[in-house]
Amino acid sequence: MSSFDVLIVGAGHAGAQAALLLRQMKFEGSIGLLGDERELPYERPPLSKEYMAGEKPFERILIRPEHFWTERNVDMLLGKRVTKVDPAGHKVTIADDSEIGYGKLIWATGGTPRMLSCPGSDAERVFAVRRRDDVDAIMSILPEVEHVAVIGGGYIGLEAAAVLTKLGKKVTVLEALDRVLARVAGEPLSRFYEAEHRAHGVDLRTGAMVEALEKTGDRVSAVLLADGERIATDMVIVGIGIIPETGPLLAAGASGGNGVDVDAFCRTSLPDIYAVGDCAAHSNAFAGGAQIRLESVQNANDQAKVAVSDILGQSAEYHAVPWFWSNQYDLRLQTVGLSGGHDKVIVRGDPATRSFSVIYLKGGKVLALDCVNATKDYVQGRAHVLSGAALEQAQLADATIPLKEVGLA
């Protein structure tokens, strides 16, 4: 049985960052980086943006080239999937029944796309956008595709819709709720993006409940809605969230539910096992202490550093300001903070100019900002999210006053 001082399960952003930081922070023990894809670790966000658009080849989205990992003695265990964790024996079992031992285990598996379960959901040409293979499969048939139905009006769905529209496809976006981005943003931002997509020719529907997928032979040929409408399509992209990949850990006794629970040092309830990234449920100060998962590169990197620091005896509690971004058409959205639980929304600037910010308040304090083509607001607003101070709301709304100059209420 092979064994590593630190075994990292999951070779996405969080896992790769953990391996990278271990060496940067002078860890000299053995490191194994295990992933169920055969690819070297690569960036996920470009999959629904530059990679799908053909603007970046795969080599340019690799987190590091192959020689980087070789030179730093990080053993790549690719194309392998963990099926069992044995905390007492400090070992994992992979799908071929072989075992790998560990001193410390970092669980960084992310999640699996949530797919449709309606009749016809097993049709061919129904895709998620989570892995390189997903996007390669989409790109391989694009020349034969005229109509695309995107199910889900979150960031992945809207980014894919923007790219496919740019590539000349007729795109229909179907969102079950009454507005896009409803789970992550306020109504002003939702309505702005709905208008933008429609202006670019996207047939965007809200309150659209998918009843079934129709097949012609084995291929999807239409989406059937609950109101009886039939929307013909040559391909379906599903963007309705992920299911955290925590099965083996939870089966081994780790605390968790929607993800695996971790403490402020990214330690699970199992000895010598950490969890980081999309699959890690943690108490977040910027969510009022609620136990949440954050699906972002920033969170993956920040939690990897916390776990590695703890392993090396340099413990520092997790307390990072969440931030996210999305590129759609020529719009750059940058978000800082978490807007959940806000009791007031201020629109700063004019959305008609396509450069504005949405500021979320609770009890007069800034919780978060969504900044569209407004980088200065994003940079300066971060300090207000961190400070938790109540600010002059009239000044917050006045785009002629830099956010750094806004006074206390």
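The values are calculated or read from the model by the stated rules, or taken from the named source; none is laboratory data. Quick caveat: nothing in here was measured; it's all calculated off a predicted structure. Cβ atoms come from the backbone with ideal geometry, glycine included; neighbour counts cover every protein chain shown. Ligands, DNA and RNA are stripped out before the accessible areas are found, and what is left, the full protein with its side chains, is counted by its heavy atoms. Shrake-Rupley method; radii C 1.70, N 1.55, O 1.52, S 1.80 Å.
Tabulated data
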read-out	value
Amide H partners (placed H, <5 Å) of Gly120, local residues excluded	Leu213
Residues of the chain: accessible area per residue with a 1.4 Å probe, Å²	43
Sulfur and carbon atoms: percent of accessible area, segment 289-409 [1.4 Å]	52
Partners for Lys26 among lysines (Cα-Cα distance below 26 Å; same-chain residues under 8 apart left out)	Lys91, Lys104, Lys305
Gaussian network model of the chain, Cα within-10 Å springs - most flexible of Gly32, Gly363, Gly101	Gly363
Size of electric dipole in segment 302-409: Cβ of Lys, Arg +1 and of Asp, Glu -1, about Cα centre, debye, nearest 20	60
Pairs beyond 27 Å (Cα-Cα), from Lys80/Lys170; Lys49/Lys376; Lys56/Lys404; Lys80/Lys215; Lys169/Lys215; Lys56/Lys170	Lys80/Lys170; Lys56/Lys404; Lys80/Lys215
Stretch in the chain that is longest and holds no trypsin sites (Lys or Arg not before Pro) that DSSP places in a loop and that have at most 13 other beta carbons within 10 Å	184-409
Antiparallel DSSP beta bridges within segment 30-156, as percent of all bridges there, nearest 5	60
Separation of alpha-carbon centers, segment 6-70 and segment 375-408, rounded to whole Å	36
Counting DSSP beta bridges with both ends in the chain, the antiparallel % (nearest 5)	55
Karplus (6.51, -1.76, 1.60) ³J(HN,Hα), θ = phi - 60°, over segment 237-242, in Hz, Gly and Pro reported as x	10, 9, x, 10, x, 10
Extreme residue, positive dipole direction of the chain, given options Ala88, Ala352, Ser190 (C-beta unit charges)	Ala352
